[in-house]
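Presented below is the structure to which this report refers.
The values are calculated or read from the model by the stated rules, or taken from the named source; none is laboratory data. Treat the numbers as computed from the prediction; the structure is a model and nothing was measured. All Cβ positions, glycine included, derive from the backbone under ideal geometry; neighbour counts span all protein chains shown. All accessible areas refer to the heavy atoms of the entire protein, side chains included, with ligands and DNA or RNA removed. Shrake-Rupley method; radii C 1.70, N 1.55, O 1.52, S 1.80 Å.
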Amino acid sequence: SGKFYQHATTEASQATLASVSPVFAVMKFDKEGNTTYFEKKKTELYQELGLQARDLRFQHLMSIATRNNRIIMRMEFLKAVITPEFLLILDYRNLNLEHWLLNELATQLAGEGQLVTYSLPFEFRAIEAILQYRISKLQGRLNTLQPQILETLEALVDPKLLSVDRSKLHILLQNGKSLSELETDLKVFKETILEILDEEELIEELCLSKWTDPQVFEESTSGIDHAEEMELLLENYYRQAEDLANEARELRVMIDDSESIIFINLDSHRNVMMRLNLQLTMGTFSLSLFGLIGVAFGMNLESSLEEDPRIFWLVTGIMFLGSGLIWRRLLSFLGRHLEPPLPPHVPAVLKKSQLVAGRVEIKNNLKAETFGLSRSTLTNQ
């Protein structure tokens, strides 16, 4: 009874593990581009491919690795396993992948889109198709961001605007974040390919058919070096990624320059408002200073001046005239201190000495060159 209980427990635990083990929806492409669909558990799949369980634990970052004459690739949402005979796309049920898988990948694997005229092994076509897909995705993201950023910057940098539209700034902030993500993805793409290009052994490992197909091995020994072809293929997509990174970097520089221009415009408008406020404050000070005369006459003290009907107009004129004169003096004082300083004056004697010294130096150089030429001529003779 104890043995029966242990056997039943073991079968139950195995059944539980089998039920919770992940199942991959797999799309299989052969050399002719024929497609088949099936579902398989992870344990069965890596045993069938001769891989370890860790090989099918795909990370979120881009990666290209070789295991047991298999190429394991991860490109964002794309998970692929490449062998010399077929290509497996795992978890293909994605809206972003189905159009490419059904309409483009099969024809590329059948022989289209190669970098050379003669036929290359199957893994070359598979790697090229996947890298091309990734580059096209990055290019599409850049093509979507570029006009949006340029349009937003053109609206924000307008010098006629006294204030900045917050909605435009919000759009620019979102586009800036998307551009940063794109720059990170391009950097990871380049680093992944560059890591392979720096190691000749890794390039050799990517040439799967070279070590399994005798015909391919004979071609590689007779003059067609498949490792060089793989290196050219990877360098091609590395250059494309570098071009995209340069375009993204130019957009980043434009955003930074536009932010500086926006800040300069805002500072300019702020300075105008501050100067206007200062001028109005000076005018108020002038009026209040000569307004003391009106305060003196407004006191309930009797004098002989209030009996003269011309005194009102005389005192009022003095107040406004004095206020205007003081305001003008304050404005001229403000203008003298706010104007940029002039460059220091260079005396004419120094200018003439500098010109003479320059001419003497030119003549000495010409003499030295002439002497060197004549000496070399004599030596040759």
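Could you rank TRP100, TRP327 by how accessible they are, 1.4 Å probe, largest area first?
These residues rank, largest area first, as TRP327, TRP100.
With the other protein chains left in place, how much accessible area per residue, in square angstrom, belongs to the stretch 23-114 at a 1.4 angstrom probe?
Per residue, the stretch 23-114 has 52 Å² of solvent-accessible surface.
What percent of all Cα-Cα pairs in the stretch 124-267 falls in each 5 Å bin, counting up from 0?
2, 9, 16, 15, 12, 10, 9, 7, 6, 5, 4, 3, 2, 1, 0
Give the carbon-plus-sulfur fraction of the accessible surface of the stretch 23-114 in %, rounded to a whole number; probe 1.4 Å, heavy atoms of protein chains only.
45 percent
Could you sort out which of LYS137/LYS168; LYS40/LYS210; LYS31/LYS177 sit more than 31 Å apart by Cα distance in this structure?
Among LYS137/LYS168; LYS40/LYS210; LYS31/LYS177, the Cα-Cα distance tops 31 Å for LYS31/LYS177.
With every protein chain present, what is the per residue accessible area of the stretch 124-267 (1.4 Å probe, Å²)?
55 Å²
Quick one: length gained pulling THR284 to GLN52 fully straight, 0.36 nm per residue minus the C-alpha distance?
75.0 nm
Leaving ligands, DNA and RNA out of it, report the carbon-plus-sulfur percent of the accessible area of the stretch 124-267 at a 1.4 Å probe.
After summing per-atom areas, the C and S share lands at 51 percent.
If you take the beta carbon distance between GLU235 and SER63 as r and set R0 to 25 Å, what does 1/(1 + (r/R0)^6) give as a FRET efficiency, to the nearest 0.05? Provide the component values of the computation, followed by the final result.
Numbers: r = 19 Å, r/R0 = 0.76.
So, using R0 = 25 Å, E works out to roughly 0.85.
Just need the relative contact order of the stretch 23-114 here, percent rounded to a whole number, with Cα pairs under 8 Å and 6+ apart.
Numbers: 140 pairs, mean separation 28.4, N = 92.
For the stretch 23-114, the relative contact order is 31 percent.
LEU331 to GLU242: extension gain in nm, 0.36 nm per residue of separation minus the Cα-Cα distance?
26.3 nm
Whenever you get a sec, line up VAL81, VAL157 from highest to lowest accessible area (probe 1.4 Å, protein heavy atoms).
Descending accessible area places them as VAL157, VAL81.
Given 0.36 nm per residue, what is the gain on full extension from ILE311 to GLN148 after removing their alpha carbon distance, in nm?
51.6 nm
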